[in-house]
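J.: I'd like to ask you about the structure that follows.
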Amino acid sequence: MVETRLLEVEPERADGADVAACLTAWHQFRGDAALPAFADFDWFELPTEILPYLVIVDIVDGGADFIYRFWGTAHSRIFHQDFTRSSVNDLQPPEIAAGMVVQYMRVLEAARPCLFIFEAEGGPADGLNVRESSLRMPFIDADGNLAQIVSFSDNRRQAEEFGTFFAHYDTGA
């Protein structure tokens, strides 16, 4: 069994220029609106070195599911597969999928950027502890409904450990 821990931190208190750059871009995208429209999302406003660490989910039926619209290449290396067009519930192990759902639901509830520290340990990779920080930023559609969440998940410091951890769960999705 995999044990997980989740901590929510105020995004403005995060260390690192990349999270700050993402927050700045999100605020620029929204302008005077409460939330930015996904149509205003512009990849070129983000630091190019973090693009492989982005994921974008489409929010299905108000949070009944989350489907990956974009799955950055760094995540493909770590998870040993590309989850583009897959449900978050397809992630393995199930404890990881459940942790992602909790984070996405929190963003829906808060309707603002949220920063999470997520840890996992155990399972087939017993003794291995992995930790990732993820800034999750909500976007709306043309009708004003929450429709996408753009996330920068920073696992660069433990990329090799993440790869080892998830190698045991390759589902071939």
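J.: Among the residues of the range 7-38 satisfying the criterion of being small (Gly, Ala, Ser) and in a loop (DSSP other than H, G, I, E, B), which is farthest from ASN145 (Cα to Cα)? Steps first, please.
T.: Going residue by residue through the range 7-38, those that are small (Gly, Ala, Ser) are 14, 16-17, 20-21, 25, 31, 33-34, 37.
From what's left, in a loop (DSSP other than H, G, I, E, B): 14, 16, 31, 33-34.
Numbers: ALA14: 28, GLY16: 30, GLY31: 17, ALA33: 13, ALA34: 12 Å.
For the range 7-38, the residue satisfying everything is GLY16.
J.: Out of curiosity, is GLN103 among the polar types (S, T, N, Q) and closer than 13 Å to ILE149 by Cβ?
T.: Values: among the polar types (S, T, N, Q): yes; closer than 13 Å to ILE149 by Cβ: yes.
For GLN103, the condition - among the polar types (S, T, N, Q) and closer than 13 Å to ILE149 by Cβ - is met.
J.: Here is a check on your reading of the model: is ARG77 part of a helix (DSSP H, G or I) and charged (D, E, K, R)? I'd like the intermediate steps shown before the answer.
T.: On the way: part of a helix (DSSP H, G or I): yes; charged (D, E, K, R): yes.
The answer is yes for ARG77.
J.: Further question: Right, ASP32: on the phi > 0 side of the Ramachandran plot, charged (D, E, K, R) and at pLDDT 95 or above or not? Please lay out each step first, then the result.
T.: Values: on the phi > 0 side of the Ramachandran plot: no; charged (D, E, K, R): yes; at pLDDT 95 or above: yes.
No.
J.: Modelled with pLDDT of 95 or more and part of a helix (DSSP H, G or I), is that true of VAL107? Reasoning before the result, please.
T.: On the way: modelled with pLDDT of 95 or more: yes; part of a helix (DSSP H, G or I): yes.
Judged against the criteria, VAL107 is a match.
J.: Restricting to the range 41-71, name every residue that is surrounded by 13 or more Cβ atoms within 10 Å (Cβ to Cβ), over 18 Å from ILE140 (Cβ atoms) and without any contact (Cβ under 8 Å) to a residue 24 or more places away in the chain.
T.: Those that are surrounded by 13 or more Cβ atoms within 10 Å (Cβ to Cβ), over 18 Å from ILE140 (Cβ atoms) and without any contact (Cβ under 8 Å) to a residue 24 or more places away in the chain: LEU51, PRO52, TYR68, TRP71.
J.: Can you confirm whether the range 21-36 contains a residue that is in contact with a helix residue (DSSP H, G or I) (Cβ under 9 Å, 6 or more places away or on another chain) and either β-branched (Val, Ile, Thr) or within 24 Å of ALA120 (Cβ to Cβ) (or both)?
T.: Yes, because at least one residue in the range 21-36 is in contact with a helix residue (DSSP H, G or I) (Cβ under 9 Å, 6 or more places away or on another chain) and either β-branched (Val, Ile, Thr) or within 24 Å of ALA120 (Cβ to Cβ) (or both).
J.: When you go through (1) within 22 Å of LEU51 (Cα to Cα); (2) at pLDDT below 90 one by one for VAL88, which number turns out not to apply?
T.: The single condition VAL88 does not satisfy is (2).
For every residue, the table says whether it meets (1) within 12 Å of the chain's Cα centre (by Cα); (2) part of a strand (DSSP E or B); (3) of a type in the set (Asp, Glu).
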| position | (1), (2), (3) |
| --- | --- |
| GLU49 | no, no, yes |
| ASN89 | no, no, no |
| GLN103 | yes, no, no |
| ARG112 | no, no, no |
| PHE118 | yes, yes, no |
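J.: Shifting gears a bit: Take ALA120 and tell me if it is more than 20 Å from GLU49 (Cα to Cα), of a type outside the set (Lys, Arg), touching a strand residue (DSSP E or B) at 6+ places or on another chain (Cβ under 8 Å) and at pLDDT 95 or above. Spell out the reasoning first.
T.: On the way: more than 20 Å from GLU49 (Cα to Cα): yes; of a type outside the set (Lys, Arg): yes; touching a strand residue (DSSP E or B) at 6+ places or on another chain (Cβ under 8 Å): yes; at pLDDT 95 or above: no.
The answer is no for ALA120.
J.: When both residues are 6+ apart or on different chains and their Cβ atoms are under 7 Å apart, which pairs have a first residue that lies in the range 11-40 and is touching a residue at least 24 places away in the same chain (Cβ under 8 Å), and a second that is surrounded by 13 or more Cβ atoms within 10 Å (Cβ to Cβ) and of a type in the set (Asp, Glu)?
T.: These pairs meet every condition: ASP18/ASP154; PHE29/ASP40; PHE38/ASP141.
The values are calculated or read from the model by the stated rules, or taken from the named source; none is laboratory data. Keep in mind that what you see is a predicted model, and the values were worked out from it rather than measured. Don't worry about glycine lacking a Cβ; one is built from the backbone with ideal geometry, like all the others, and counts go over all protein chains shown.
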